[in-house]
Amino acid sequence: MSRRYQIGDVEVTRVRETLLPDFAGDFLFPDWHGAVAGEGREWLVPGSVNQARSGVNISIHTWVLKTPHHTLLIDTGIGNGRERRIAQFNRLDNPYLERLAAAGVMPHEVDFVLCTHLHSDHVGWNTRLQGERWVPTFPNARYVFPSDELTYSQSPAFRDGYAAGVYEDSIAPILEAGLVDLIGPQGGEFHDGLAFHPTPGHTPGHMSISLVSKGRRALFTGDVVHSPLQIYHPHWNSAFCEEQDAARVSRRWAIEHAAEHRALFLTAHFPESSAGYISSQGGKFDWHFA
């Protein structure tokens with residue numbers, strides 16, 4: 001379940017919450033055509049694309065960072081017991097906290113929870129149910145939200161759509177506990193070699209997060225991409241991208257940044273290891289799982 005990477009003096013571990021096999025490709029990607037996996041990339045089947053080439057495998061997980069000074073989480077999955085409009089997210093019961101403990105992290109030890117954006121599959125374990133109340137899962141942590149995302153999460157467009165219920169059970173309790181810090185729309189440096197980069201489009205305030213340590217680089221992408229297929233087809237947006245043109249610009253920036261800096265590309269939804277490297281030649285890109 002766990003995958004570990006060393007970026008300088010920062011240990012990065014993937015802790016998976018769930019794997020969604022055979023997520024309908026023509027739903028997730030409006031430009032989907034199953035032949036894409038056969039364009040000289042048969043290795044995508046069955047790890048990233050199903051055998052029928054009709055769907056993709058989607059991982060939902062958290063990235064855990066242990067620096068010399070702090071323990072941080074990037075995104076927190078779907079969460080258990082939530083009423084969600086997306087069937088695969090509804091009323092889950094996963095041993096996520098047990099998996100987090102197996103990776104060496106107890107909830108009270110987390111210093112920061114960094115959210116790339118506030119969709120349901122990125123903020124669920126921000127809270128847990130205690131009796132009849134949703135309370136912070138990581139009581140000693142500061143939860144860091146992009147400010148434009150928080151504003152968007154309070155809007156009817158967010159609260160009445162696919163994300164219905166998310167503000168009430170995964171965001172508002174953190175605000176009420178006084179645990180939220182905000183990153184402005186310009187992004188900027190954080191702690192321990194981390195920095196926030198505006199990558200709007202999937203949502204209005206979406207951020208990607210870079211890490212630099214001892215000359216090594218990584219980029220945590222959030223939902224700039226959902227599948228390795230988008231490395232080969234950067235113009236493909238997901239069905240959940242709110243601002244189509246901005247999403248394409250942000251995806252292109254993230255892919256080019258990772259290729260130029262030889263940064264480990266740490267994705268929110270790729271299956272298999274969920275991490276890899278991007279190479280560029282002649283204006284085209286190639287993906288290699290790490």
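The values are calculated or read from the model by the stated rules, or taken from the named source; none is laboratory data. As the structure is a prediction and not an experimental result, all values here were calculated from the model. Cβ: placed from backbone, ideal geometry, glycine included. Neighbour counts: every protein chain shown. Note: areas computed on protein heavy atoms with side chains; ligands, DNA, RNA excluded. Shrake-Rupley method; radii C 1.70, N 1.55, O 1.52, S 1.80 Å.
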Quick one: in the range 61-85, which of the residues that are more than 17 Å from the chain's Cα centre (by Cα) and of a type outside the set (Lys, Arg) is farthest from Ser273 (Cα to Cα)? Glu83
Could you check how many residues of the range 227-245 are among the aliphatic types (A, V, I, L, M) and open to solvent by 30 Å² or more (accessible area, probe 1.4 Å)? 1
Being under 18 Å from the mean Cα position of the chain (by Cα), of a type in the set (Gly, Ala, Ser) and surrounded by fewer than 16 Cβ atoms within 10 Å (Cβ to Cβ) narrows it down to one of Ala290, Ala263, Ala268, so name that one. Ala290
Positions within the range 40-66 being within 25 Å of Arg99 (Cβ to Cβ) and among the β-branched types (Val, Ile, Thr), in sequence order: Val56, Ile58, Ile60, Thr62, Val64
What strands (runs of 3 or more DSSP E) lie completely within the range 127-214 and have 1 or more residues being among the basic types (Lys, Arg) and open to solvent by less than 40 Å² (accessible area, probe 1.4 Å)? none
Pairs needed: first member in the range 171-183, touching a residue at least 60 places away in the same chain (Cβ under 8 Å); second member anywhere, open to solvent by less than 20 Å² (accessible area, probe 1.4 Å); C-beta distance under 6 Å; at least 6 residues apart or different chains. none
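What number of residues in the range 75-95 are out of contact with any His (no Cβ under 9 Å at 6 or more places or on another chain) and either in contact (Cβ under 8 Å) with a residue 24 or more places away in the chain or under 14 Å from Trp125 (Cβ atoms) (or both)?
Step one: filter the range 75-95 for residues out of contact with any His (no Cβ under 9 Å at 6 or more places or on another chain), giving 79-95.
Still in the running and either in contact (Cβ under 8 Å) with a residue 24 or more places away in the chain or under 14 Å from Trp125 (Cβ atoms) (or both): 79-86, 88-89, 92-95.
So the answer is 14.
Out of contact with any Phe, Trp or Tyr (no Cβ under 6 Å at 6 or more places or on another chain) and under 24 Å from Gly165 (Cβ atoms): does that describe Asn50?
No: the conditions fail for Asn50.
Could you tell me how many of the residues in the range 1-44 are in a loop (DSSP other than H, G, I, E, B) and under 21 Å from Gly276 (Cβ atoms)? Give the derivation first.
Applying the first criterion (in a loop (DSSP other than H, G, I, E, B)) to the range 1-44 yields 1-2, 8-9, 29-33, 39-41.
Going one step further and asking which of them are under 21 Å from Gly276 (Cβ atoms), we end up with 1-2, 8, 29, 39-41.
Final tally of qualifying residues: 7.
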Can you name the residue in the range 12-26 that is touching a strand residue (DSSP E or B) at 6+ places or on another chain (Cβ under 6 Å) and surrounded by fewer than 17 Cβ atoms within 10 Å (Cβ to Cβ) and, of all such residues, is farthest from Leu100 (Cα to Cα)? Ala24
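Residues checked against (1) assigned to a strand (DSSP E or B); (2) at pLDDT below 95; (3) under 30 Å from Pro156 (Cα atoms); (4) not charged (D, E, K, R):
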position	(1), (2), (3), (4)
Arg248	no, no, yes, no
Arg252	no, no, yes, no
Pro271	no, no, no, yes
Ser279	yes, no, no, yes
His288	yes, no, no, yes
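Please count how many residues of the range 150-195 are of a type outside the set (A, V, I, L, M), touching an Asp or Glu at 6+ places or on another chain (Cβ under 6 Å) and under 30 Å from Pro68 (Cα atoms). Break it down stepwise before answering.
Filtering the range 150-195 down to residues of a type outside the set (A, V, I, L, M) leaves 151-156, 158-162, 165, 167-170, 173, 176, 178, 181, 184-193.
Going one step further and asking which of them are touching an Asp or Glu at 6+ places or on another chain (Cβ under 6 Å), we end up with 165, 185.
Add one more test, that the residue is under 30 Å from Pro68 (Cα atoms), and what stays is 185.
So the answer is 1.
Listed here are the residues, each with its yes/no results for (1) under 23 Å from Trp32 (Cα atoms); (2) under 16 Å from the mean Cα position of the chain (by Cα).
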site: Gly178; (1), (2): no, no
site: Pro200; (1), (2): yes, yes
site: Arg217; (1), (2): no, no
site: Tyr232; (1), (2): yes, no
site: Ala247; (1), (2): yes, yes
site: Trp253; (1), (2): yes, no
